[in-house]
Amino acid sequence: GDSVTQMEGPVTLSEEAFLTINCTYTATGYPSLFWYVQYPGEGLQLLLKATKADDKGSNKGFEATYRKETTSFHLEKGSVQVSDSAVYFCALKGPGANSKLTFGKGITLSVRP
Amino acid sequence: DTAVSQTPKYLVTQMGNDKSIKCEQNLGHDTMYWYKQDSKKFLKIMFSYNNKELIINETVPNRFSPKSPDKAHLNLHINSLELGDSAVYFCASSQDAGQGVIGYTFGSGTRLTVV
């Protein structure tokens with residue numbers, strides 16, 4: 001079945017550091033890929049998405065490129081802020097209308113001033 | 001004008017009780033979901049309804065029963081609550097747009113604590 005693997009956390013960075021969070025996936029067909037963010041005490045928010053190979057999703061300075069050859073969707077940001085501290089989830093959804101959104105385990109990012 | 005709203009936000013109850021969590025979406029989406037998030041933040045889908053019809057039913061104890069009176073509502077009823085049911089439960093909705101996927105919109109969660 002479909003699965004998403006995220007790098008182990010937590011991750012602690014200083015403000016303005018470069019961020020990479022790795023995500024790889026296993027899926028049949030051509031899934032859509034997502035990054036969701038969960039700020040403390042809140043629900044999940046869609047951060048960015050990509051629906052086909054070589055698509056780049058971007059939002060709020062975050063980017064991720066759909067790499068079919070490496071089955072990856074790594075999240076990057078050039079300069080993190082304290083306000084980026086949250087839990088980040090990589091997810092995929094199969095092409096069928098009735099397929100489900102499958103999440104990775106999530107990784108906690110803490111950014112210190 | 002909250003897109004996906006869940007009630008209550010917090011729920012503390014004793015073992016053996018029966019409780020319900022309600023979810024409503026005003027986005028006009030056709031599909032709604034319940035997810036369970038455990039203490040390690042892991043998210044697992046429980047149920048999915050499309051236009052009031054059950055389409056995903058993961059391996060969930062039958063003490064959990066979803067009900068969708070219309071496509072804007074998906075409630076979760078839990079019988080005979082157990083300690084292991086303590087978690088945060090998220091409702092979500094989505095609208096597939098042809099081959100494109102807009103993404104899910106999540107509610108803010110219901111933190112259930114069974115004592």
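Taking the alpha-carbon distance from A:Lys49 and a cut-off under 19 Å, which lysines remain once sequence neighbours fewer than 8 residues away in the same chain are dropped?
Reachable lysines: A:Lys60, A:Lys68, A:Lys77, A:Lys93, A:Lys100, A:Lys105.
Short version: ³J(HN,Hα) in whole Hz for each residue of the range A:75-84, in order, from phi by Karplus 6.51 cos²θ - 1.76 cosθ + 1.60 (θ = phi - 60°), x for Gly and Pro, what are they?
9, 9, 8, x, 8, 7, 10, 4, 5, 7
Can you give me the accessible area per residue for the range B:1-69, using a 1.4 Å probe, in Å²?
58 Å²
Students often forget the sequence filter, so: which aspartates and glutamates lie under 15 Å Cα-Cα from B:Lys9 once same-chain residues fewer than 8 apart are removed?
A:Glu42, B:Glu24
Can you pull out the chymotrypsin sites (Phe, Trp or Tyr not before Pro) in the range A:6-85 whose DSSP state is coil and whose Cβ has at most 16 other Cβ atoms within 10 Å?
A:Phe18
In debye, nearest 20, what is the charge dipole magnitude of the protein assembly as shown about its Cα centre with +1 on Lys and Arg Cβ and -1 on Asp and Glu Cβ, if you could check?
Computed about the Cα centre, the dipole is about 260 debye.
Could you pull out the trypsin sites (Lys or Arg not before Pro) across the range B:18-115 that fall in loop regions by DSSP (anything but H, G, I, E, B) with no more than 15 other Cβ atoms inside 10 Å?
B:Lys40, B:Lys52, B:Arg63
Looking only at other chains, what is the average number of their beta-carbon atoms within 10 angstrom of each beta-carbon in A:41-49?
5
Where the accessible area of the range B:42-113 is counted over protein heavy atoms with a 1.4 Å probe, how much of it, in %, is carbon and sulfur?
Answer for the range B:42-113: carbon and sulfur cover 50 percent of the accessible area.
Kindly write out, for the range A:51-63 in residue order, the coupling ³J(HN,Hα) from the Karplus curve 6.51 cos²θ - 1.76 cosθ + 1.60 (θ = phi - 60°), rounded to whole Hz, with x marking Gly and Pro.
Going residue by residue, I get 10, 8, 3, 6, 5, 10, x, 8, 5, 6, x, 8, 9 Hz, with x marking Gly and Pro.
Cα centroid distance between the range A:61-93 and the range B:38-79, in Å?
28 Å
Relative contact order (percent) for the range B:1-90, with alpha-carbon contacts under 8 angstrom and 6 or more residues of separation?
33 percent
If you roll a 1.4 Å probe over chain A with all protein chains in place, what percent of the accessible area is carbon or sulfur?
49 percent
Only loop residues by DSSP count here, and only those with at most 15 other Cβ atoms within 10 Å; note down the trypsin sites (Lys or Arg not before Pro) in the range A:1-75 that meet that.
A:Lys52, A:Lys60, A:Lys68
I want to verify the translational diffusion coefficient of the range B:7-115 in µm²/s; compute it with Stokes-Einstein, Rh as the Kirkwood radius over Cα pairs, at 10 °C and 1.306 mPa s.
112 µm²/s
Mind checking the mean number of beta-carbon atoms from other chains within 10 Å of the Cβ atoms in A:100-106?
6
Per residue of B:43-53, how many C-beta atoms from partner chains lie within 10 Å of its own C-beta, taken as a mean?
2
How big is the convex hull of the Cα atoms of chain A, per residue, in Å³?
Enclosed volume per residue, from the Cα hull, is 95 Å³.
To the nearest 100 Å², how much accessible surface do chains A and B hide from each other in total, with a 1.4 Å probe?
Buried surface at the A/B interface: approximately 1700 Å².
The values are calculated or read from the model by the stated rules, or taken from the named source; none is laboratory data. Please read these numbers as outputs of a predicted model, since none were measured by experiment. Here Cβ is always computed from backbone atoms with ideal geometry, including for glycine, and neighbour counts include all displayed protein chains. Protein only, heavy atoms only, side chains kept; ligands, DNA and RNA dropped before computing areas. Shrake-Rupley method; radii C 1.70, N 1.55, O 1.52, S 1.80 Å.
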